[in-house]
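Working notes, structure below.
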Amino acid sequence: MTQYLFDYEIEKTDGMARAGSFSTPHGVIQTPVFAPVGTQATVKSVTPAQLLEIGASLVLANTYHLYLRPGQNLVAEMGGLHNFMNWKRPILTDSGGFQVFSLADNRKIDEDGVDFKSHIDGSLHRFTPEKSIQIQESLGADIIMAFDECAEPHERDYSIDALNRTHRWLERCVRSKQRPDQALFGIVQGGIFPDLRKQSAEFIASQDLPGSAIGGLSVGESKTEMHAMIEVVNQVLPADKPRYLMGVGSPEDLINGIWRGVDIFDCVLPTRLARHHAAFTRTGRINLANAANASDKSPIDESCLCYACQNFSRAYIRHLILAKEMLAATLVSIHNLYFLLALTRQARQAILETRYDAFAQDFLLRWHENASNDQNNIKDQ
Ligand SMILES: [Zn+2]
């Protein structure tokens, strides 16, 4: 076995917050970390060279989308996802479960798996735990996810069914996995119910996998509920394995998640917002299309060291937006991604220096100066 490939070394803890290093076949991921999302094997409007420049270490790709197009066999024929998209650092693939369950009317669940209709051409397909692992083995990411069922978080009966099925499916994923150079993470479910979350975390912990994930959050529950669930789960999940909070990645969610012991995050938010002209700043989100930026010579954020902020004014970026130039999305995406990556690097430094509480409080105080930040629960792929 080459399980040693996925050693997780905790360098420092500060309260529940942790700074660590997770080893993968494509390099070490320093945590806490934010993973940009490359749904279709590309982080929208940003090149791999630009991702390297802003310091991305881990990128996420979506199994559901790549299975439908171009197909995992083509990706395998092209040398796997790392070669196909020319990203030589670590990659994580999701299981396809979240997308399939998001199809609502176009899917049917049974004990063995899920039938669903393609959003592209309406064709019929079936995912099972074994199929999801097989696709992810063809894609070849460093970190792969168990096939899980994400229930509506407030429905207790459904949450119990989904949780039990997710556990049975995890055992099937473990049994069907063949490649030793991929780390399989199990996923905790259980909606907004502390007892279910605890039960699920205990089961995931019992599987002794190289890492754990927390699923089914940021899907309609309140921030208070989300924080409570993270706390319950992280008291049970193994402390010596990385913990991944799936699909969560607004600046304040990163800060609050790290505070409660989360190590890995991903979210489409920074690139999605960028395509809607919204940018993160230290004092909250701004809309660059606003007339107030028309002749503003300052960068998006005075304190930011990204390529967009070091070279371009708000006035220029607003001009690109109004002229519908593609460079607008690229520059704002680079900025928003850099903002989150820099934030996790600063958080890591604060943990190493045992001053995370003060760092987090200071960030949240300034961030909430702008009330519009609370409207950032955008979540889809
Ligand atoms: Zn910037």
So the strands (runs of 3 or more DSSP E) completely within segment 37-111 holding 2 or more residues that are open to solvent by less than 20 Å² (accessible area, probe 1.4 Å) and modelled with pLDDT of 95 or more are 59-61, 91-93
> Out of curiosity, is D240 within 16 Å of the ligand (Cβ to nearest atom), assigned to a loop (DSSP other than H, G, I, E, B) and either at pLDDT 95 or above or open to solvent by less than 30 Å² (accessible area, probe 1.4 Å) (or both)?
Replying inline: no
For segment 203-237, the count of residues that are farther than 16 Å from G257 by Cα, out of contact with any strand residue (DSSP E or B) (no Cβ under 6 Å at 6 or more places or on another chain) and either buried (at least 22 other Cβ atoms within 10 Å of the Cβ) or not small (G, A, S) (or both) equals 2
Within segment 271-305, of all residues that are farther than 19 Å from A56 by Cβ and among the β-branched types (V, I, T), the one nearest to the ligand (Cβ to nearest atom) is T281
Does segment 276-292 contain any residue that is outside any loop (DSSP other than H, G, I, E, B) and buried (at least 24 other Cβ atoms within 10 Å of the Cβ)?
yes
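Across segment 314-337, what is the number of residues that are within 12 Å of the ligand (Cβ to nearest atom) and either in contact with a Cys (Cβ under 7 Å, 6 or more places away or on another chain) or open to solvent by 20 Å² or more (accessible area, probe 1.4 Å) (or both)?
3
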Test D253 against the criterion of being more than 20 Å from Y356 (Cα to Cα) and either modelled with pLDDT under 95 or of a type in the set (D, E, K, R) (or both), and give yes or no. no
Out of (1) over 30 Å from K88 (Cα atoms); (2) open to solvent by 20 Å² or more (accessible area, probe 1.4 Å); (3) modelled with pLDDT of 95 or more; (4) not β-branched (V, I, T), the one C150 does not meet is (3)
Fill in: Boolean, S206 is of a type outside the set (A, V, I, L, M), within 26 Å of R175 (Cα to Cα), at pLDDT 95 or above and out of contact with any His (no Cβ under 9 Å at 6 or more places or on another chain)
yes
Worksheet item: Out of curiosity, is C150 within 21 Å of V100 (Cβ to Cβ), of a type outside the set (S, T, N, Q) and assigned to a helix (DSSP H, G or I)?
Response: no
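The values are calculated or read from the model by the stated rules, or taken from the named source; none is laboratory data. Predicted model only: the values in this text are computed from it and were never measured. Backbone-built Cβ (ideal geometry, glycine too); neighbour counts: all protein chains shown. Protein only, heavy atoms only, side chains kept; ligands, DNA and RNA dropped before computing areas. Shrake-Rupley method; radii C 1.70, N 1.55, O 1.52, S 1.80 Å.
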